[in-house]
There are 2 protein chains.
Amino acid sequence: MSTAGQPLVIALDAMGGDQAPDMVIAGIDLLRGRHPDVRFLLFGDEPTLTGLLAKYPRVADAVTVRHAASVVLGEDKPSTALRQRRDSSMRLAIEAVHKGDAAGVVSAGNTGALMAMAKVVLRTMAGIDRPAICSKLVSQRGPYVMLDLGANIECSAENLVQFAVMGEVFARLLLGIERPSVGILNVGVEELKGNERVQAAAARLRDGTLPIDFRGFVEGTEMMAGAVDVVVTDGFTGNVALKVLEGTVKMYSQFLRQAFASSWLNRVGYLFVRGAIGALRRKFDPRLYNGGMLVGLNGIVVKSHGGTDALGFSTAVEFAIGLAAQGYNRQVMEELSRAFPGPPAKPATAAGA
Amino acid sequence: MSTAGQPLVIALDAMGGDQAPDMVIAGIDLLRGRHPDVRFLLFGDEPTLTGLLAKYPRVADAVTVRHAASVVLGEDKPSTALRQRRDSSMRLAIEAVHKGDAAGVVSAGNTGALMAMAKVVLRTMAGIDRPAICSKLVSQRGPYVMLDLGANIECSAENLVQFAVMGEVFARLLLGIERPSVGILNVGVEELKGNERVQAAAARLRDGTLPIDFRGFVEGTEMMAGAVDVVVTDGFTGNVALKVLEGTVKMYSQFLRQAFASSWLNRVGYLFVRGAIGALRRKFDPRLYNGGMLVGLNGIVVKSHGGTDALGFSTAVEFAIGLAAQGYNRQVMEELSRAFPGPPAKPATAAGA
């Protein structure tokens, strides 16, 4: 769908997320100015969506509504979602990517269900055993990428090596870094630290057969200082680390707000610094970092935070647009066939662009 | 040593830590006013220590120097330290606790070596398979405790249950909370989230046989919001979480400093708010939270951060004084014999107070 002359199409699960479908439509509205040529396939309850679109004429021009009879619920187990939500907005949106009707899909719905459906419908790339969730985050030095942020509770050393390859391509394309540095998150930087899994993965990345600038282990403090461009970890540790990071930022911001409100002197001072403090708050606004890609699938699948609003959702959609436009998956496949030579990788389809 | 009328004695590894032995002596000096009755056994190179003490007459009054012929190095593996550092300041300081010459020991040296030596010399309590590192941290709501912060890279469900029992007593004594709430760190709060290890531990804590206010799983964001008083996790996840937390605070503080320096307007504003901002910085000063207890041993062993200064070291020593004075280990043993009835626990020795 992304060939020259044809508009880029993104499929959206219009019913996923706490504030859906309103925030989905309002999110597209926020993007229209920056991406006038992108078209959207909206999957969800048609009467509801048509009613909402009447309020957003700019959005109505850019979307096609496709009716979905059901919705994946937040409490659905992945197995339930697979069996009972075949006609859901999430499932049909993923299938649009598989069929080549869309170059990528974005959903703010149930993560486990999205992962399970995306695996069944799109399948993992040749050379990849499991997809991982990969996002752009911010360190003291600037942006970096981290994976896996929660797709795989248990990971093997080989999974971590595959994540490193996918994360490296991600940083190259999304951050524009020519030769991104890669590190594995660990409890110390010495070679003998950590469990067998991280040690075996590090040994494989150190042996020089993969074209990756591997810097060894990084600790959480170094990660936040910006020691490497790509941080590789298992989904349990990655998810905990991400949520501790978010919780710490929230706590600090809260204490800062209290400090500025604690006396008339501080309130006066705040009048002078509020511009700079506002900029600082925006730097850490999770809505501006919303969107994790499920890397390793034959298709671009972006998970938005379930609790986000229109601004956050628009960030996730813009993230999917960028990934599709830059041909992330095609580049990962090329990298993988170089990294793990074996049976030739399947040719990239339109859906895998 | 802590019986009425006798002074409390703390053993100190005077040679461990980047700024040792100076920061050890200067650290005691900072404490003298608040704890005039506590006495210290200083283990290290006698000529060096005697020379230093000449500069601190207030400290000289409160300490006895015991010569140690060697030092555990930062790069020593635990096995090397056990075999080759039998006459080290760290080993002799731990032995002072075992012999009953001191009520607790503090070291800023090599964590792995400290753990190994403490296990060999003091042994784990009846009912405890592995010690854990336990510290007081700060959330949006106030202080809480977390363990394991890095002693055990791999933990079983039973280890996590034991950590919960020890952490609960810790919060009761150190935070003064009558009935502390306990949670297990996980990637979601739903019962089915996470790996088998956390699920089995949660099932055991939920079954009601342990007298613990167990609240189930907590995520990193809730932990930082102060959802529970005791956060239980394995040493790999705990260590990563702690360092991400520290790294995020450092990053935020750094950005805040830059914001205040970014224009004359902000510099003027800073003059108004600097008192409140200073208080905020102190709230997060890692030196004021320095010190992790190796819980589960027959003796009080406190690990100080290796890179800390005199103020940080004094916090760790004060932490050990509090633990010894309140009889933390005796209370844990009572709790354990109730939680895991079996062969009667060994009677608490002076060293286990």
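Throughout, read-outs are computed from the coordinates displayed, never taken from laboratory work. Every value quoted in this text rests on a predicted model; they were computed, and no experiment measured them. Glycine gets a Cβ as well: all are built from the backbone with ideal geometry, and neighbour counts include every protein chain shown.
Check residue A:217 against each of (1) aromatic (Phe, Trp, Tyr); (2) under 15 Å from the mean Cα position of the chain (by Cα); (3) within 14 Å of chain B (Cβ to nearest Cβ) and name the one condition it does not meet.
Of everything listed in (1) aromatic (Phe, Trp, Tyr); (2) under 15 Å from the mean Cα position of the chain (by Cα); (3) within 14 Å of chain B (Cβ to nearest Cβ), residue A:217 misses just condition (2).
Do you know which of the residues in region B:220-241 that are of a type in the set (A, V, I, L, M) and more than 7 Å from every other protein chain (Cβ to nearest Cβ) is surrounded by the most Cβ atoms within 10 Å (Cβ to Cβ)?
The residue in question is B:232.
Filter region A:280-293 down to the residues that are free of Cβ contacts under 8 Å to residues at least 24 places away in the same chain and at the interface with another protein chain (Cβ under 7 Å from one of its Cβ atoms) and list them by number.
A:280
Considering every residue within region B:294-317, establish whether at least one is at the interface with chain A (Cβ under 10 Å from one of its Cβ atoms), under 22 Å from residue B:151 (Cα atoms) and crowded, with 18+ Cβ neighbours inside 10 Å.
Here is the first cut: in region B:294-317, the residues at the interface with chain A (Cβ under 10 Å from one of its Cβ atoms) are none.
Checked region B:294-317: no residue is at the interface with chain A (Cβ under 10 Å from one of its Cβ atoms), under 22 Å from residue B:151 (Cα atoms) and crowded, with 18+ Cβ neighbours inside 10 Å.
Starting from region A:71-83, keep only residues that are away from chain B (no Cβ under 14 Å) and closer than 12 Å to residue A:109 by Cβ, then list their pairs with residues that are charged (D, E, K, R) and part of a loop (DSSP other than H, G, I, E, B) whose Cβ atoms are within a distance under 6 Å, requiring at least 6 positions of separation or different chains.
Partner pairs satisfying both residue conditions: A:72/A:85.
Restricting to region A:56-90, and then to whatever is under 22 Å from residue A:318 (Cβ atoms) and in a loop (DSSP other than H, G, I, E, B), can you tell me which residue is nearest to the chain's Cα centre (by Cα)? Full working, then the answer.
Here is the first cut: in region A:56-90, the ones under 22 Å from residue A:318 (Cβ atoms) are A:56-66, A:89-90.
Okay, now just the ones that are also in a loop (DSSP other than H, G, I, E, B), so A:56, A:61-62.
Numbers: A:56: 27, A:61: 27, A:62: 23 Å.
My answer is A:62.
Please report, ordered by residue number, the strands (runs of 3 or more DSSP E) entirely within region A:103-191 with at least 1 residues that are within 13 Å of chain B (Cβ to nearest Cβ) and surrounded by 18 or more Cβ atoms within 10 Å (Cβ to Cβ).
On the way: elements: A:104-107, A:132-138, A:143-147, A:181-185.
Because the criterion is at least 1 residues that are within 13 Å of chain B (Cβ to nearest Cβ) and surrounded by 18 or more Cβ atoms within 10 Å (Cβ to Cβ), the strands (runs of 3 or more DSSP E) in region A:103-191 that meet it are A:132-138, A:143-147, A:181-185.
Here is a list: B:187, B:230, B:249. Which entry is of a type in the set (Val, Ile, Thr) and in contact with a strand residue (DSSP E or B) (Cβ under 7 Å, 6 or more places away or on another chain)?
After ruling out the rest, the residue left standing is B:230.
Filter region A:243-277 down to the residues that are within 7 Å of chain B (Cβ to nearest Cβ), aliphatic (A, V, I, L, M) and either crowded, with 17+ Cβ neighbours inside 10 Å or not in a helix (DSSP H, G or I) (or both) and list them by number.
A:244, A:245, A:249, A:251, A:256, A:259, A:273, A:276, A:277
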